[in-house]
Amino acid sequence: MALQGAIPVEFGQVFPHGAYALGVEAVNDFETGRPAKDKASGELMWAVDVIDADPEAKGKSKSVKVKVVAPVCPTLPEEIPGVPFRPVEFTGLTAMPWVEFTGGKDREGNPRTRINFSLKATGVQAPVRGGSGKRSGSGPSAPAGPAAAKDAA
């Protein structure tokens, strides 16, 4: 199969209405409690708490964590006066699909599941255009992909 591992995606595919950062913190290894490192690069990983600006995003899909692989803690863009969140864009964005067991069983006795995505990036920056992170060609007519599945989750 041609697709193996994380799938490269454009920021506008995942966040067609933009994204806002709440904060950033180190990711710790679950087993050791030490700072987690990316398996491919060996670099440290940082979690950016993000609010999806999509007005139709609900529940768990409204807020996500994007892991940023970097040797030092990424610096979020400057605050904008009067705005409670920092508009951001992610560079080098990838989506890794995984199956989430949601608990319970369906009528046939199978576990209830849904597809979810783990997002990873190589950088975080201020939006290239405007404050929303929206790019031309993205939006409601953007191709379906990880964003559509993320919103459906």
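Please state which one of Phe30, Phe101 is among the hydrophobic types (A, V, I, L, M, F, W, C) and out of contact with any strand residue (DSSP E or B) (no Cβ under 9 Å at 6 or more places or on another chain). Walk me through how you get there before you give the answer.
On the way: Phe101 fails: out of contact with any strand residue (DSSP E or B) (no Cβ under 9 Å at 6 or more places or on another chain).
Among Phe30, Phe101, only Phe30 is among the hydrophobic types (A, V, I, L, M, F, W, C) and out of contact with any strand residue (DSSP E or B) (no Cβ under 9 Å at 6 or more places or on another chain).
Take the conditions (1) at pLDDT 85 or above; (2) surrounded by 18 or more Cβ atoms within 10 Å (Cβ to Cβ); (3) in contact with a Lys or Arg (Cβ under 8 Å, 6 or more places away or on another chain); (4) in a strand (DSSP E or B); Ala47 misses just one of them, which is (2).
If you check Val72 against the conditions, is it surrounded by 12 or more Cβ atoms within 10 Å (Cβ to Cβ), of a type in the set (A, V, I, L, M, F, W, C) and out of contact with any helix residue (DSSP H, G or I) (no Cβ under 7 Å at 6 or more places or on another chain)? Walk me through how you get there before you give the answer.
Working: surrounded by 12 or more Cβ atoms within 10 Å (Cβ to Cβ): no; of a type in the set (A, V, I, L, M, F, W, C): yes; out of contact with any helix residue (DSSP H, G or I) (no Cβ under 7 Å at 6 or more places or on another chain): yes.
When the stated conditions are applied, Val72 does not pass them.
Please count how many residues of the range 54-70 are under 12 Å from the mean Cα position of the chain (by Cα) and among the aliphatic types (A, V, I, L, M). Of the residues in the range 54-70, 3 are under 12 Å from the mean Cα position of the chain (by Cα) and among the aliphatic types (A, V, I, L, M). For the range 4-53, the set of residues classified as of a type in the set (Val, Ile, Thr) and under 16 Å from the mean Cα position of the chain (by Cα) consists of Ile7, Val9, Val14, Val24, Val27, Val48, Val50, Ile51, listed by residue number.
Residues that are in contact with a Phe, Trp or Tyr (Cβ under 6 Å, 6 or more places away or on another chain), touching a residue at least 40 places away in the same chain (Cβ under 8 Å) and acidic (Asp, Glu) do not occur anywhere in the range 65-79.
Of the residues contained in the range 20-42, none is found to be surrounded by 14 or more Cβ atoms within 10 Å (Cβ to Cβ), under 19 Å from Ile115 (Cα atoms) and out of contact with any Leu (no Cβ under 9 Å at 6 or more places or on another chain). Look at the range 17-41: where a residue is of a type in the set (Asp, Glu) and assigned to a strand (DSSP E or B) and a partner is at pLDDT 95 or above and surrounded by 16 or more Cβ atoms within 10 Å (Cβ to Cβ), sitting 6+ places away or on another chain with Cβ atoms under 8 Å, you get Glu25/Trp46; Glu25/Ala47. Figure legend. Inter-residue proximity from the range 97-126: first residues outside any strand (DSSP E or B), second residues surrounded by fewer than 11 Cβ atoms within 10 Å (Cβ to Cβ), beta-carbon distance below 8 Å, spacing 6+ or different chains. Indicated pairs: Ala126/Glu78. Taking the range 83-116 as the range and being of a type in the set (Val, Ile, Thr), in contact with a Pro (Cβ under 8 Å, 6 or more places away or on another chain) and modelled with pLDDT of 85 or more as the test, the residues that pass are Val88, Thr94.
The values are calculated or read from the model by the stated rules, or taken from the named source; none is laboratory data. Since we're looking at a predicted model, the values are computed, not measured. Backbone-built Cβ (ideal geometry, glycine too); neighbour counts: all protein chains shown.
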